[in-house]
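Below: one structure, written as structure tokens.
The values are calculated or read from the model by the stated rules, or taken from the named source; none is laboratory data. What you see is a predicted model; the values in this text were computed from it and never measured. For neighbour counting, all protein chains shown are included, and Cβ atoms are generated from backbone atoms with ideal geometry for every residue, glycine included. Surface areas here come from the heavy atoms of the whole protein model, side chains and all, with no ligands, DNA or RNA. Shrake-Rupley method; radii C 1.70, N 1.55, O 1.52, S 1.80 Å.
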Amino acid sequence: MSTTNHGAATLTCPQLLIAQKRFLHQVPHTSSVLDTQVYVFAVRLMGQLVANYDMLQTPEEKYIVTACVQKATEAEKWSEPSIRNAVFTLLRLMLKYKGALDLVIKLDAIHLAFESLSDPSLFVTGSAQKLVTKLIITSVTDHRQSTSEIHKSLIKQLWVVLRSSSDVAKKATVLKIFQDLFHEISNVILEEVNSLDFLQLLNKMIRCDSAVLSREAATLCLVYKRSNPADSSLDLRSEVCNLMHSGHVHVALNLCRQLLLREYQHLADGWPQDFLRQPLIIVCGTFINPLESGQFAAIAKSISKKSACLEVTGICLGGIEQLLQQGKDPCSFAALHTLLQLTSQECQCDVNHSQYRKFLLRQPKIQKAALRCLHQYYQLYLNDETGIGIPDAFVGSAQYLVDSLGCVDLDVTIVSEMLKCLLPAIKLAICHSLLSAEIQMWPEVLDLLGGTLQKRLCDMHWETRDSTVEFVGKICQSCADDTTVNMWIRKHNLHTLSWECVKDGESYVRAGALATVGHLSRDTTIWENMKIVKDISQEDVVHHILTIISTDTEGFARRAALDLITRWYKDGNQLHAQPINDVYRTMVAATKDFDWEVKLGVLTFWGNIIDQVLSNDTLPSYAINLETSKKFKGVVPEEKEFETKVEMLCSIGCCQALLFSVEDYEQSVRKKACELLTTLKAKCLDNGLIQGNSRSKSSDPLPTCGEINMTTPIFLDSIQQLDLEALLAENSKSCDSYENNPMDLLDDILASQRQDEEDNAIDCY
Amino acid sequence: MKLYCLSGEPSKPCFILKFKTTTIMLDSGLDMGSLLNFLPVPLVHSSRLSSLKKWKPNDYRGSGKIENELRACGTNVFVDSAPEFTLPQLDILDLSEVDVILLSNSYSTLALPYVTEYSGFKGMIYATEPTLQGGRQLMEELVHYVERMPKGSTANVWKNADILRCLPAPIKDAANPLAWKQCYSLHDVNSSLAKVQMVGFNEKLTVFGAVTVTASSSGYCIGSCNWSIQSDYEKICYVAASSTLTTHPQPMEHSPLRNSDVMIMSQLTRTPTVNPDAMIGEFCMTTALTLRNGGNVLVPCYPSGVTYDLFECLSVHMDSCGLSQVPMFFISPVADSSLAYSNIFAEWLSQGKKSKVYLPEAPFPHAELVNTGRLKHYPGIHGPFSDEFRSPCVMFTGHPSLRFGDVVHFIELWGKSSGNTIIFTETDFPYLYALAPFQPLLMKAVHCPIDTSLNFGQANKLIRDLKPRHLVISERYSHPPALHPHRNDLVIETDPKTIMYKPGSVLNLPIKRTYERVEIEPELAASLVPTEVKPGVAVAMVAGTLVTKDNKHVLKAPSDPKSKVDGLESGRRYYVWGELDMQEFVSKLAQHGITDVKVEDSAAGHIVHLPSDDTLIQIEEGSTHIICEGNEGLRVRLKDILLQCLSKL
């Protein structure tokens, strides 16, 4: 027996249900020959069935479930994490049916689930945790005498684990269970567990050495408070202060950070922000709104060692980023700027004297987090409509970014973050009219940035070249209207160097450069200047891009080139008087590309062509050189116009390519081709080129792409032959349909048990 | 033990070590900084250079004709003459006394012909094969460049102190130009290098039997080495240009340099503030940027060393940037042999490169680059080069001083376009001064110094690891570089045991020689009767004749037995030793009839009282006194009895 990667499946059709049951019935009885994967499949299949169908209705069905689960829990198979995961998931899904709780108890699943609360596999831990949670909730809602007390026993067991277990992972999972339970049955838990004891225990765990445990305990505190807002025994602010005084600053700050999450925001009144930004203020030596001296001292003491300083600063930056994402300004732009300088090797200013510089210098995590915050700040000011203006440190921060970007041995991810920041920074500068020569520094900053970008476009790391060329594209896309930026791009040859990146050795860079070329080409000044400087014509450009579509070894680059050509066509006149026949020839050839996304792109191109040809009264600019277009120039009788248009589509290879794509091995390609042909066919019907309901009986195969010059009658005959509605319906089925109808799959699995038919097995992918 | 420091430039070292009876020269570096004071020698007539204004001091009243010697270019003044070099201070001592010259790398060989030719030198020269071949290539290239376009006259008047002080900086600061010498000839090079004996790493070589010298890999360039000079009881290490970075040569060996009495350290990096990796990245980026903008890249370089790494890194980066079609040219009179030799020195290369030989592949990718036509090499710009030359390209050529060689031609050719770039990677010459005679220059100049030798951090770490008893360094390494006066990390951490030298210093190295090894002839050794004086230690009396020959000492049996020293045979003198056993002594006294014996313990030993003879014997560690009131007969008897109780040697 073999399995496939289709996953489990369910069905409700009686015939198929029988087949499934037949399969599942066989599973426990063929244990010696089945490998673990088949068991995993069987249990997952059962889980899928249970999701939609009560498998505990008849003794026979109950037997199948019991037998399968019992077999799966045998030692040899149980050691497999995917089996454990599948069994726990199955049992959890089953719990919604009557009698399931009894069955779970009978199968000793509670014991197994408790054992797996600290499983090495996170998936198993998660499924066991969900099962225990579900068991307790089911028990609470089940009013039968026999099972109604189970939740009490389970909560007690969980409580025992929390109080006495030495297994940190298990305790953390139990805390997660309590977090889930508090959402639904807070009162039930508090009936079993004294709230004071509970909070005391949480308090103890928050202060433990394990970061995971303290984080989960802190979260549980929040959940508890949300469920019991009136409980005055838990004052979150005092809790945070106590944590700081007891040296658990990172836990306290994590708690503050969680309080900023939307679901807990009502529990605090702005004070977590003050706590969160405090480490940044201390590290940067800027004393703004200090907290009470005790807390200030506690934070300062906690960051006196490198690892703690990095951790606390990281949490602080995470919180600030969170606040910024919510549109709040934590008023620490200057501090953030100072922090960035502290992390930078190149910075030679006053921050050199900070005692924290030796901890923070060139720490990539801190640098990235700080840059993310800076980006959020810029976005915040960019989106600000109140006109409060930008902070004084803005120009300095931009200067810092440009200076640091010039450092040769910068990590590629940091370069990428810096470029991300620079884009809104330049937009901001434009918005606030800072780019004019009167504002000192900006021209220098831009000049330096131009030189640095030039080098980065030729960087040793392709990732940097890629992010730089994308940056140039984005700048051009969003800021090229600004005269200064437009001139700056041309002055520093960023347009010509971006064009050179189209020839880069790395496919991602080529793809990025092609997208940038698309943006550059939208600005006439830049585009024309690029062609003059590089001494190339538009024809050369198009030919180069067509060469990429035909010959590039990487799908990314081919797709990007195709997108560019498609966009140019869609945009209108870019390809006027260009080698249009070469473009069509390349597109016809690309219909046979190995990459399905390229083929999809080709169909999008043809879709645009069809739209333009069929919708316009006059010929599009790119079609004026075609032979067939001569018939279209007013000499053709009106009734013949549509036929001429179709004739033109045939002559350029469009119709041929669509018919070829209908038989593609990739479903999405077939679907797209069907959609286009359906549109075309409908228009042909409307214009009387073909007759409705008169499907030809011709058995001729569909024409092969590129092999013949298809004539209009042949094409019309071909689309008349095709039952496009049926094809479209077939190709519109998602892969979910296999999950909903796994008959073929089951047959395959069952059939493969017969050795003599082994050769007939079909590889499904 | 003395150390003579002949070189004024720590990166071009030349020392003479007098150790035991030998005189050893360590390296023979040539300071070429003086070249920058001369006008470039173009390959074809340059109207710009020849039309430079002649220069003479305003208030010059001297008799010498200076008009044709100096020319001004901008604010700089250059000597219009055949180029000259600053030699080590070879006149400090008689070179004919030098027994052996140890060469550490090919860059430290360039003054060798000045040392070995016409100086009476008759010693040995030891170097590894790559050092020999690399040195030969550098010297041949130098001679070729200088002799290719000979200057008709030699300028000497300007060296007059009266004129010199009137000249503008930096030429007026030139150190002792009267001592500068013109380049040697190819004959001298061949004659000098013919004296070199090739050695392998860790091969022990004796110098007149007095010391053993051993080369160990220094990781700086192919075949580069450090030297350890050892006698039986002393060890001196000479750490020349070394690198702990992973490049193409065999990695540096530390163990042969450990626990030395004196370690002489030279040739640390001259660009301590820059990281070579970052500079290679900068070099590649700048090259790609220039090429993408349609410009040419000129790289003034030596024909070996870092140039191989540049080929490798740049070709990979150019591939990565889609610039594979751009050719790289390597022009040098020795380009062919340099590329060929580098690929046959597999045993001297890093493990990665060495293992390629077994695939089999060439260790360096430049062999493949040459095969595929991406790297084209020519001896000069004339001949086939002109057929293959196309633009844009990357041009590697010499000389890095920009005063002669094909590089002068390309600066003249490309200097007028801002699209071209000249990238300086060699650190021997300050690039701005090197470019001074070509100003105004439109082509971009980029400085990417790549010096893989030890930086100060690495050197300090190495010193801590090697634990020398005394360290000898240039006094320049004891304070921060002039350009970074506050960078206290850019120094060698000194302690009282650090000895610093200045150019021309003669140092007395604080090694007190205590022992010398002597061999005993087997016949004499067989006659010895060792006596065990304590567990594991036996002592024997020996008499023989000490023969010293070739700094080896051998103790032979005396040729005339009758003349044995001190009559050791007939009237043999014995040495008594050991501790007196009082019980045995008392019993011996009894045997000789002295029975009335009282023994008392004292603070220092024992007191034996013979009441009947009215005699006291004080026995202490190391001395015995017999107080017997003048009874000489009794004293002698007692002495004999006591000696019987002691061990004899």
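Quick one: P(r) of segment B:460-543 from all Cα-Cα pairs, 5 Å bins, percents rounded to integers, in order of increasing distance.
Here the calculated profile for segment B:460-543 is 3, 10, 13, 13, 11, 7, 5, 7, 8, 8, 7, 4, 3, 1, 0.
Kindly report, to the nearest 10 Å², the accessible surface of A:D384 as traced by a 1.4 Å probe over protein heavy atoms only.
50 Å²
So how much accessible surface do A and B hide from each other in total, probe 1.4 Å, in square angstrom to the nearest 100?
1500 Å²
So what's the gap between the Cα centers of segment A:524-572 and segment B:80-126, to the nearest angstrom?
63 Å
If each of A:N52 and B:V506 carries a label point 7 Å out from its Cα toward its Cβ, how far apart are those two points in nm?
10.4 nm
Leaving out ligands, DNA and RNA, and with a 1.4 Å probe, what % of the accessible surface on segment B:425-483 is carbon or sulfur?
It is 60 percent, rounded to a whole number.
When the distances between all Cα atoms of segment A:71-179 are binned every 10 Å from zero, what whole-number percent does each bin get?
In whole percents, the pair-distance histogram is 15, 49, 31, 4.
Ignoring everything but the protein chains, give the 1.4 Å probe accessible area of B:M285 in square angstrom, nearest 10.
Counting only protein heavy atoms, B:M285 exposes about 10 Å² to solvent.
If you project the alpha carbons of segment B:1-157 onto the principal axes, what extent comes out on each, in Å, largest first?
57, 35, 26
To the nearest 0.05, how large is the calculated FRET efficiency for B:Q182 and B:E347 if R₀ is 41 Å and r is the Cβ-Cβ distance?
My answer for the efficiency is 0.65.
Rounded, prolate or oblate for segment B:381-443? Axes are the square roots of the Cα gyration tensor eigenvalues, ordered a ≥ b ≥ c, and the cut-off for rounded is a/c under 1.5.
prolate
Tabulate in residue order the Karplus-calculated ³J(HN,Hα) for segment A:175-189, using 6.51 cos²θ - 1.76 cosθ + 1.60 with θ = phi - 60°, rounded to whole Hz; enter x for Gly and Pro.
Once rounded to whole Hz, the list reads 4, 5, 4, 4, 4, 5, 5, 4, 5, 10, 10, 3, 5, 5, 5.
Could I have the simple spin-label model distance between B:H484 and B:E621, label points 7 Å from Cα toward Cβ, reported in nm to one decimal?
In this crude spin-label approximation the distance works out to 5.9 nm.
Straight-line reach from B:K376: which lysines fall under 29 Å, measuring Cα to Cα and dropping same-chain residues less than 8 apart?
Of all the lysines, those that pass the test against B:K376 - Cα under 29 Å, at least 8 places apart if same chain - are A:K455, A:K503, A:K534, B:K353, B:K354, B:K356, B:K416, B:K444.
Report, by chain and number, residues whose modeled amide H sits under 5 Å from the one on B:F330, excluding near sequence neighbours (fewer than 5 apart, same chain).
Residues meeting the amide H criterion: B:K376, B:H377, B:Y378, B:F396.
Just read off the accessible area of B:S266 with the full protein assembly in place, 1.4 Å probe, to the nearest 10 Å².
About 0 Å², rounded to the nearest 10.
How far apart, in nm, are the 7 Å Cα→Cβ label points at A:K306 and A:D392?
Going by the 7 Å Cα→Cβ label model, 3.5 nm.
When ligands, DNA and RNA are left out and all protein chains stay put, how many square angstrom of accessible area per residue does segment B:289-420 have with a 1.4 Å probe?
Result: 34 Å² of accessible area for each residue.
Just to be sure I understand: if I project the alpha-carbon convex hull of segment B:252-337 onto a plane and average over all orientations, what area do I get in nm²?
8.6 nm²
Go ahead and run the numbers for FRET between B:A543 and B:S647, Cβ-Cβ distance against an R0 of 22 Å, rounding to 0.05.
The formula returns an efficiency of 0.60 here.
What residues of segment A:438-479 lie in the reach of a label at A:R522, counting those whose backbone N is under 15 Å from a point 7 Å from the Cα along Cα→Cβ?
A:470-479
At a Förster radius of 60 Å, what calculated FRET efficiency corresponds to the Cβ-Cβ distance of B:T494 and A:S537, to the nearest 0.05?
The calculated FRET efficiency here is 0.35.
Calculate, in nm to one decimal, what B:S119 and B:S587 gain on full extension: separation in residues at 0.36 nm each, minus their alpha carbon distance.
160.5 nm
For B:M124, enumerate residues with amide H under 5 Å from its amide H, sequence gap 5+ or separate chain, H modeled in the peptide plane.
Correct list: B:V100, B:I101.
Mind ranking B:451-461, B:486-496 by how tightly packed they are, going by the mean number of other C-beta atoms within 10 angstrom, highest first?
B:451-461, B:486-496
Mean projection of the alpha-carbon convex hull of segment A:159-262 over all orientations, in nm²?
If you wrap the Cα atoms of segment A:159-262 in a convex hull and average its projections, you get 6.1 nm².
Largest first and to the nearest Å, give the Cα extent of segment B:305-363 along each principal axis.
33, 29, 18
Between B:V539 and residues 5 or more places away or on another chain, which pairs have amide H atoms under 5 Å apart, with H built 1.01 Å from N, and which residues are they?
Answer set, sorted by chain and number: B:T531, B:E532, B:V533.
What list of ³J(HN,Hα) couplings, whole Hz, do you get for segment A:40-55 from phi and the Karplus terms 6.51, -1.76, 1.60, once you set θ to phi - 60° and write x for glycine and proline?
In residue order, the calculated couplings are 4, 4, 4, 5, 5, 4, 4, x, 5, 4, 4, 4, 10, 8, 6, 8 Hz.
Dividing the Cα convex hull volume of segment B:162-263 by residue count, how many Å³ per residue is that?
210 Å³
For segment B:592-648, what is the largest minus smallest coordinate of the Cα atoms on each principal axis, given in angstrom and ordered from greatest to least?
Projected onto the principal axes, the Cα atoms of segment B:592-648 cover 26, 24, 20 Å.
Straight-line reach from A:K71: which lysines have a Cα under 28 Å away, not including same-chain ones fewer than 8 places off?
Of all the lysines, those that pass the test against A:K71 - Cα under 28 Å, at least 8 places apart if same chain - are A:K21, A:K62, A:K96, A:K98, A:K106, A:K130, A:K134, A:K170.
Looking only at other chains, what is the average number of their beta-carbon atoms within 10 angstrom of each beta-carbon in B:282-289?
Taking all residues of B:282-289 together, the mean is 5.
Show me, for segment B:154-160, the HN-Hα J-couplings you get by feeding each phi into the Karplus relation (A = 6.51, B = -1.76, C = 1.60, θ = phi - 60°), rounded to Hz, glycine and proline as x.
Using θ = phi - 60°, the values come out as 10, 8, 10, 4, 4, 6, 4 Hz.
Over what distance in Å are the Cα centres of segment B:42-79 and segment B:269-299 separated?
If we compute the Cα centre of each part, the gap is 34 Å.
Taking a temperature of 25 °C and a viscosity of 0.890 mPa s, what whole-number D in µm²/s does Stokes-Einstein yield for the protein assembly as shown with Rh from Kirkwood over alpha carbon pairs?
59 µm²/s
What's the carbon and sulfur percent of segment A:425-504's accessible surface, probe 1.4 angstrom, rounded to a whole number?
That fraction is 50 percent.
Could you provide, to the nearest whole Å², the per residue accessible area of segment B:488-550 with probe 1.4 Å?
Per residue, segment B:488-550 has an accessible area of 74 Å².
Post the alpha-carbon centroid distance, segment B:1-30 to segment A:47-110, in whole angstrom.
Distance between centres, Cα-based: 87 Å.
Within a 10 angstrom radius of each residue's Cβ in A:402-408, how many Cβ atoms of other chains show up on average? Whole number is fine.
Per-residue shielding by partner chains comes out at 2.
Loop only per DSSP, at most 13 neighbouring Cβ atoms within 10 Å: give me the GluC sites (Glu not before Pro) in segment B:619-649, ordered by residue number.
Sites meeting the loop and neighbour criteria: B:E621, B:E629.
Using DSSP to define loop residues, name the chymotrypsin sites (Phe, Trp or Tyr not before Pro) in segment B:474-548 whose beta-carbon has at most 13 other beta-carbon atoms within 10 Å.
Passing both the DSSP loop test and the Cβ count: B:Y515.
For chain B, take the convex hull of the Cα atoms, compute a quarter of its surface area, and give me that in nm², please.
The directionally averaged projection comes out at 43.1 nm².
Roughly what % of Cα-Cα distances in segment B:255-296 sit above 14 Å, to the whole percent?
Here the long-distance tail beyond 14 Å is 69 percent of all Cα pairs in segment B:255-296.
Assuming 0.36 nm per residue, please report the length gained on full extension of the stretch A:E725 to A:K62 beyond their Cα-Cα distance.
234.3 nm
B:K534: which lysines have alpha carbons under 19 Å from its alpha carbon, excluding same-chain residues fewer than 8 sequence positions away?
Answer for B:K534, where 19 Å is the Cα cut-off: B:K648, listed by chain and number.
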